[in-house]
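Encoded as structure tokens, the structure appears first; notes follow it.
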Amino acid sequence: MNEPQRTIFHIDIDAFYASVEVRDNPSLKGKPLIVGFDPEGGKGRGVVVACSYEARNLGVRSGMPISRAYRIAPDAVYVLPDYRKYTEASARIMKLLRGHADELEQVGIDEAFLDVSSRVRGIEEAKALALEIKREIGSEGLTCSIGIAPNKSSAKIASDLLKPDGLTVVPSTLVAEFLAPLPVSVIPGVGKKTGDFLKERGIETISQLQSLPGKQLVRWFGKNGVWLWGVIHGTEQIAVRPREQKSLNVEKTFRRDVKDYRTVMKEAELLAHELVRRIKRGNLHFRTIGVKIRFRGFETHTMEKTLAEDSDDLESVLSTVKSLLKNFEDRKGAVRLVGVRASHLRRKEDELSTLDSWS
Ligand SMILES: [Mg+2]
């Protein structure tokens, strides 16, 4: 018996934080724009949180030290991140998207899968719906890239292929052909470790992976090999399912305000360990890690980073927390509270999407 044909959209807002800033200040349009901390003439600490395509074209990347971005693009416009604004814009967009979907699965702040199977008949109607969604997101002052495919993994790969303002359609009969020429690194869940492993065996494209017997994939990757087989042959059928909205937080208020930032970092490390312990106990994966820091006088900052894929890994929590907290290191004033947070949680058994965790 044939499974009913599904139509899945993956929608990703283009350069989300930077685009929200441009929306609110149109004079920034067309300029290289860097969201991050004060570069202080090249001496500033902290990282680039996000940047516009114009800044990317100069070689600036998110996650790069702000001092390095300043060397590359001293004339770019630098703005501080405003997470309240981004969260609010995200909520408006998700609400709008929800109105077009049978099911919506939000992935990070600016990305979602939509199952629109009951809403469209065939590719032409799917394209028309995608264009309508683009129009509505456009009236929010933003643009997005959309991938349309019969399953989540191909929809995601399709939306990543053409940015910004892309629309990539993968007909259900041509998924394997669409994937074949692409490098294995486009597969969500194939990170550096798996990429290197395959490269050592002479495998760089999906078509090379497709030519392997399924048994070989299972020998290499265990049950994740079954998932990978489904992805590369276009038969993966993981459901679009809403994520749990909840997040996990751990915080510490110091008995006395702390002036030595090393003490703050140390405490954050302990909190990160505790957070991961709770994540593992709940059998959860997170997608987003955040920090909170409160200075004397109740000046409070939050900052977060959405990872490329689901994780429950202590090392990625530690490195993310440290790099986020570095942004506040040069602030004057004693620290009253520090906190770490994981969000966009989901139960592990719902998905086998992180191939890099196979060993
Ligand atoms: Mg995006």
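Restricting attention to segment 339-352, does a residue exist that is more than 30 Å from I238 (Cβ to Cβ), surrounded by fewer than 22 Cβ atoms within 10 Å (Cβ to Cβ), modelled with pLDDT under 90 and of a type outside the set (A, V, I, L, M)?
no
Here is a check on your reading of the model: is G41 more than 16 Å from the ligand (Cβ to nearest atom) and in a loop (DSSP other than H, G, I, E, B)?
Spelling it out, it is not the case that G41 is more than 16 Å from the ligand (Cβ to nearest atom) and in a loop (DSSP other than H, G, I, E, B).
Which strands (runs of 3 or more DSSP E) sit wholly inside segment 58-118 and have at least 2 residues that are within 16 Å of the ligand (Cβ to nearest atom)?
Of the strands (runs of 3 or more DSSP E) lying wholly inside segment 58-118, those with at least 2 residues that are within 16 Å of the ligand (Cβ to nearest atom) span 103-106, 111-115.
Give the residue, chosen from T173, T168, T87, that is free of Cβ contacts under 8 Å to residues at least 24 places away in the same chain and surrounded by 21 or more Cβ atoms within 10 Å (Cβ to Cβ).
Testing whether each residue is free of Cβ contacts under 8 Å to residues at least 24 places away in the same chain and surrounded by 21 or more Cβ atoms within 10 Å (Cβ to Cβ) leaves just T168.
Search segment 296-310 for residues that are in the same structural domain as V338 (by TED's automatic domain parsing) and free of Cβ contacts under 8 Å to residues at least 40 places away in the same chain and pair each with any residue that is surrounded by fewer than 16 Cβ atoms within 10 Å (Cβ to Cβ) and assigned to a loop (DSSP other than H, G, I, E, B) when their beta-carbon atoms are under 8 Å apart and the residues are at least 6 apart or on different chains.
Hits for this filter: G297/G333; E299/G333.
I'd like to verify a number: residues in segment 145-178 that are within 16 Å of the ligand (Cβ to nearest atom) and not hydrophobic (A, V, I, L, M, F, W, C), how many?
Selection size over segment 145-178: 10.
Checking the condition without any contact (Cβ under 8 Å) to a residue 24 or more places away in the chain and either of a type in the set (S, T, N, Q) or in the same structural domain as L104 (by TED's automatic domain parsing) (or both), which residue from S319, S323 passes?
Of the residues listed, the single one that is without any contact (Cβ under 8 Å) to a residue 24 or more places away in the chain and either of a type in the set (S, T, N, Q) or in the same structural domain as L104 (by TED's automatic domain parsing) (or both) is S319.
With the requirement that a residue be more than 16 Å from the ligand (Cβ to nearest atom) and either surrounded by 16 or more Cβ atoms within 10 Å (Cβ to Cβ) or among the charged types (D, E, K, R) (or both), what does segment 131-144 give you?
E132, R135, E136, listed by residue number.
Which ones in segment 242-258 are loosely packed, with under 15 Cβ neighbours inside 10 Å and either free of Cβ contacts under 8 Å to residues at least 24 places away in the same chain or assigned to a loop (DSSP other than H, G, I, E, B) (or both)?
Hits for segment 242-258 are P242, Q245, K246, S247, R255, R256.
List pairs: first in segment 12-32 and more than 14 Å from A50 (Cβ to Cβ) and in the same structural domain as T143 (by TED's automatic domain parsing), second within 14 Å of the ligand (Cβ to nearest atom) and at pLDDT 95 or above, Cβ under 9 Å, 6+ apart or cross-chain?
none
Among the residues of segment 12-38, which ones are more than 16 Å from the ligand (Cβ to nearest atom), assigned to a loop (DSSP other than H, G, I, E, B) and touching a Cys at 6+ places or on another chain (Cβ under 9 Å)?
Within segment 12-38, P32 is the sole residue that qualifies.
Can you say whether F178 is among the aromatic types (F, W, Y), within 25 Å of the chain's Cα centre (by Cα) and either crowded, with 20+ Cβ neighbours inside 10 Å or closer than 28 Å to G122 by Cβ (or both), as far as the supplied structure shows?
Yes.
The values are calculated or read from the model by the stated rules, or taken from the named source; none is laboratory data. All of these numbers come straight from a predicted model, not from anything done at the bench. Reconstructed Cβ throughout: ideal geometry from the backbone, glycine too, with neighbour counts over all protein chains shown.
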